[in-house]
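S.K.: One structure is given below, represented as structure tokens, and several questions about it will come after.
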Amino acid sequence: MIGVNEDPTGSTVSARADLVLPCLDEAEALPWVLGRLPEGWRAIVVDNGSTDGSADLARSLGATVVHESRRGFGAACHAGLLAATAPYVCFCDCDGSLDPALLPGFVARIAAGESDLVLGRRRPQSRGAWPAHARAGNLALSRMLRSRTGLRLRDLGPMRAARREALLDLNLTDRRSGYPLEMVVRASDAGLRVTETDVPYLARTGRSKVTGTWRGTWQAVRDMRAVLHAPPAAPAPAPAPASGPAEVTR
């Protein structure tokens, strides 16, 4: 279905998009997240080993479910990208901290030729929504990113949108916490226009698997530092049919 979607800020876009939602034990947040899916879009919930029934719940709520056996945020995100078929692909956390209803505005900017990769700059709506250690890690990475690419971004948040083919052409290889940063770095290296826009950041449902602790945060920073020190990527090979451990069910 292709229709006109309107985000809460009033922008509209006539486009079809797939929304990738990496998921690990997010049953509590899934009903709200999927209930905020823009009209006419498809939700691709990538289950990364949940034990709380997240996959069955997502399927019952109308989402396409992809099972990715390799643990890692990047593995889940990339499995979703490979399963996507729409011209535009969006990414969003599945924990209720970000509102998918805002994403049509992201896609509108890309469709209008204003940007190639739009990122959501998180603006906390309550104390504790974004812990101090997570902010510190994000600030350190933003500075390293500026040194590496010249991009003056203030956040490397998980909410983002781009054209599907442009993302596939980046030939992303990280399958852990470095995946979101690698996407930005390779997009910059490829000459794509990377921009950010403010989005409300809510208190997540449950505990973060990555930034819930200082240790998890700095492990993510370590993964991302490795991305920043990697040489520029070679051109991507011609796309091939998806294969591997990811399994799609509906």
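S.K.: Mind ordering 99-105, 225-231 by average Cβ neighbours within 10 Å, highest first?
M.R.: Ranked by mean Cβ neighbours within 10 Å, highest first: 99-105, 225-231.
S.K.: Which ³J(HN,Hα) values, rounded to whole Hz and listed in residue order, are derived for the stretch 15-26 from phi using the Karplus coefficients 6.51, -1.76 and 1.60 in 6.51 cos²θ - 1.76 cosθ + 1.60 with θ = phi - 60°, glycine and proline given as x?
M.R.: 6, 10, 9, 9, 10, 8, 10, x, 9, 9, 6, 10
S.K.: Continuing with this model, one more query. Quick check: at a probe of 1.4 Å, how many percent of the accessible area of the stretch 34-148 sits on carbon and sulfur atoms?
M.R.: So the carbon and sulfur contribution to the accessible surface is 48 percent.
S.K.: If you place +1 on the Cβ of every Lys and Arg and -1 on the Cβ of every Asp and Glu, how big does the dipole about the Cα centre of the stretch 118-201 come out, in debye to the nearest 20?
M.R.: 300
S.K.: If each residue of separation counts as 0.36 nm, what is the full-extension length gain between ARG70 and THR173 once their alpha-carbon separation is subtracted?
M.R.: Once the chain is fully extended between ARG70 and THR173, it gains 35.7 nm.
S.K.: Amide H of GLY49: which non-local residues (sequence gap of 5 or more, or other chain) have their own amide H closer than 5 Å, using H built in the peptide plane?
M.R.: Amide H neighbours of GLY49, under 5 Å, 5+ apart: GLU68.
S.K.: Leaving out ligands and nucleic acids, and using a 1.4 Å probe, what accessible area per residue does the stretch 62-206 come to in Å²?
M.R.: With all protein chains present, the stretch 62-206 gives 38 Å² per residue.
S.K.: A follow-up question, please. Starting from the amide H of LEU19, placed 1.01 Å from N in the peptide plane, find each other amide H under 5 Å away whose residue is 5 or more places distant or on another chain.
M.R.: The answer is ARG42, ALA43, ILE44, CYS90.
S.K.: What distance in nm lies between label points placed 7 Å from Cα along the C-beta direction at ARG59 and ARG143?
M.R.: Reported label-point gap for ARG59 and ARG143 is 4.8 nm.
S.K.: Counting Lys and Arg as +1 and Asp and Glu as -1, what is the net charge of the other residues whose Cβ lies under 13 Å from the Cβ of TRP32?
M.R.: Net local charge, TRP32 excluded: -3.
S.K.: Just check the stretch 10-159 against the gyration tensor rule for me: Cα atoms, a ≥ b ≥ c as the square roots of the eigenvalues, rounded for a/c under 1.5, and otherwise prolate or oblate depending on whether a/b exceeds b/c.
M.R.: oblate
The values are calculated or read from the model by the stated rules, or taken from the named source; none is laboratory data. All values derive from a computational prediction rather than experimental measurement. Cβ sites come from the backbone with ideal geometry, for glycine too, and all protein chains shown count toward neighbours. The accessibility values were calculated without ligands, DNA or RNA, using every heavy atom of the protein model including side chains. Shrake-Rupley method; radii C 1.70, N 1.55, O 1.52, S 1.80 Å.
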